[in-house]
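The values are calculated or read from the model by the stated rules, or taken from the named source; none is laboratory data. The model shown is predicted, which means the values in this text are computed figures rather than measured ones. We place every Cβ from the backbone using ideal geometry, glycine too, and count neighbours over all the protein chains shown.
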């Protein structure tokens with residue numbers, strides 16, 4: 001990624017994390033990677049586990065940021081979330097897990113897919 005684009009992306013991820021923390025979420029992972037891809041942010045509030053794809057744009061020329069998350073990308077985020085390890089994380093923080101090892105939601109299922 002070009003240096004300017006990387007800085008913009010990093011700025012957007014920091015801003016998104018700050019926004020989530022202000023809403024009561026705890027950031028439990030940043031730029032979590034596995035062989036299948038990456039989740040920009042993983043946040044948790046109670047039993048709700050949120051997988052966040054951050055899209056930072058300088059303007060509307062390429063559409064709104066939420067338009068950058070296609071149905072395929074949304075499905076990929078959910079699949080990646082299934083791969084998150086349960087248990088302790090660096091710094092002593094852990095992820096709450098639902099039945100079957102899934103990210104916790106109502107009965108361990110995906111509760112909603114939202115753009116903010």
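Taken over segment 68-88, the criterion of being surrounded by 13 or more Cβ atoms within 10 Å (Cβ to Cβ), over 14 Å from the mean Cα position of the chain (by Cα) and either modelled with pLDDT of 85 or more or over 24 Å from residue 58 (Cα atoms) (or both) is satisfied by 85, 86.
The sole residue among 28, 54 that is touching a strand residue (DSSP E or B) at 6+ places or on another chain (Cβ under 9 Å), within 23 Å of residue 70 (Cβ to Cβ) and surrounded by 16 or more Cβ atoms within 10 Å (Cβ to Cβ) is 54. Out of everything in segment 6-25 that is in contact with a strand residue (DSSP E or B) (Cβ under 7 Å, 6 or more places away or on another chain) and free of Cβ contacts under 8 Å to residues at least 40 places away in the same chain, what residue ends up being farthest from residue 53 (Cα to Cα)? Per the stated criteria, the residue is 24.
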